[in-house]
Amino acid sequence: QLFDDQAVDYDRWYQTPAGRLIDAIEKEAVFSYLRPQAGITVLDIGCGTGNYSLALARLGMRVTGVDISPGMLARARAKAAVAGLAVAFLPADAQKLPFPDNSFAAAISVTTLEFVPDLAAVLKEAHRVLQPGGRLVAALLGRDSAWGRYYREKASRSPDSVFNHARLYTLPELKAAMPGKNVRARSVLFIPPGFDFSRERDARELEAAGAGREDGGFICAVSE
């Protein structure tokens, strides 16, 4: 499977100065839309090694994480066991979720939908498993951004890059694809690739200066 060999390197990146700060900025955006509440059921679609699943479990949510990659799921389960967190990690394809209608109070998908063949269809499937009034949060890499260009250039230099299998979207495209009502969207991550992320104060100032723009490296939308 495409991502099976990426699990260790994927987690290692989050331990770098860039990884830690970017993860914090992205989680701030996702959580501002999700509004996590203890005891609420949430489905993490394309959970990978469990970054968001474990964070939500620590906040008291009842988390189910699904992914198509056995390698990613194995690492997610191991991390949950070490942390003492009860998360159900299951193999599943985002295009056909193995849950009945109205199963979850909330659902998220973060940096996964770039790799599905039909964005709108997968979002519709995610919305299907939500309870009435449930919240769906989707977040992707922004196409029209310094990061979008960075990943396209990286893919062009490396035939083995997973980004050769990705399709990136703009903020308006993501917003238009969202099912449900009360759709809102925002863009973050205006700090460019190659920035010295050990300069966290400078990075945060750059991030604040980009507020309101649509060309961030991370685009996020919510519907209810």
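Laboratory data are not the source of any read-out in this text; all were calculated from the coordinates shown. Everything numeric here is computed off the predicted structure, so don't read it as measured data. Here the Cβ is made from the backbone with ideal geometry for all residues, glycine too, and neighbour counts use every protein chain on show.
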Give me, ordered by chain and number, the residues 5 or more places off Phe89 or on other chains with an amide H under 5 Å from its own placed amide H. Gly65
Distance-filtered residues of segment 153-181 - backbone nitrogen under 12 Å, label point 7 angstrom along Glu214 Cα→Cβ: 170-176
Mean-square fluctuation maximum in Gaussian network of the chain, Cα pairs under 10 Å, restricted to Glu153, Glu207, Glu26, hits Glu153
Amide H neighbours of Val129 at under 5 Å, excluding residues fewer than 5 places away on the same chain, with H built from the backbone geometry, are Asn102
Take the Cα gyration tensor of segment 70-194, multiply each eigenvalue by 5, square-root it, and list the three semi-axes largest first, rounded to whole angstrom. 26, 21, 14
With 25 Å as the limit, write out which pairs from Lys154/Lys175; Lys154/Lys181; Lys96/Lys181; Lys79/Lys175; Lys96/Lys154; Lys27/Lys124 have Cα-Cα distances beyond it, or answer none. Lys154/Lys175; Lys154/Lys181; Lys79/Lys175; Lys96/Lys154
³J(HN,Hα), Karplus 6.51/-1.76/1.60, whole Hz, each residue of segment 97-107, x for Gly, Pro: 6, x, 9, x, 4, 6, 8, 10, 7, 8, 8
Along the charge dipole of the chain, pointing to its positive end and built from +1/-1 on Cβ of Lys, Arg, Asp and Glu, which listed residue (Val122, Leu56, Ala209) has its Cα farthest out? Leu56
Additional length obtainable on full extension of the chain from Arg128 to Ala24, 0.36 nm per residue less Cα span: 34.5 nm
Fully extended, how many nm does the chain gain between Ala38 and Ala86 (0.36 nm per residue separation, minus their Cα-Cα distance)? 15.9 nm
Given the DSSP H assignment, sum -39500 (n - 2.57) over each helix run of at least 4 residues in the chain and divide by its residue total; what's the result at 222 nm in deg cm²/dmol, nearest 500? -11500 deg cm²/dmol
Taking K and R as +1 and D and E as -1, what net charge do the other residues with C-beta under 12 Å from the C-beta of Glu125 add up to? 0
Springs between alpha-carbon atoms under 10 Å, Gaussian network over the chain: tell me which of Leu171, Leu97, Leu113 tops the mean-square fluctuations. Leu97
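Would you mind working out the magnitude of the charge dipole of segment 6-223 relative to its Cα centre, with +1 at each Lys and Arg C-beta and -1 at each Asp and Glu C-beta, to the nearest 20 Debye?
Dipole magnitude for segment 6-223 comes out near 380 debye.
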Could you derive backbone 3J(HN,Hα) for segment 45-54 from the dihedral phi with the Karplus parameters 6.51, -1.76 and 1.60 (θ = phi - 60°), listing whole Hz in sequence and x where the residue is Gly or Pro? 8, x, 5, x, 8, x, 3, 7, 4, 5
For segment 70-75, 3J(HN,Hα) per residue [Karplus equation, 6.51 cos²θ - 1.76 cosθ + 1.60, θ = phi - 60°, Hz, x = Gly/Pro]: x, x, 5, 5, 4, 5
Sites Glu200 and Leu59 - FRET efficiency at Förster radius 30 Å, r taken between beta-carbons, to 0.05: 0.80
The chain: antiparallel bridges as % of DSSP beta bridges, rounded to 5, reads 40
Ranked by GNM mean-square fluctuation in the chain (Cα springs under 10 Å), the top entry among Ser32, Ser158, Ser69 is Ser158
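May I ask for the net charge around Ser32, where only other residues with Cβ less than 12 Å from the Cβ of Ser32 are counted and Lys, Arg are +1 while Asp, Glu are -1?
Here the charged neighbours net out to +3.
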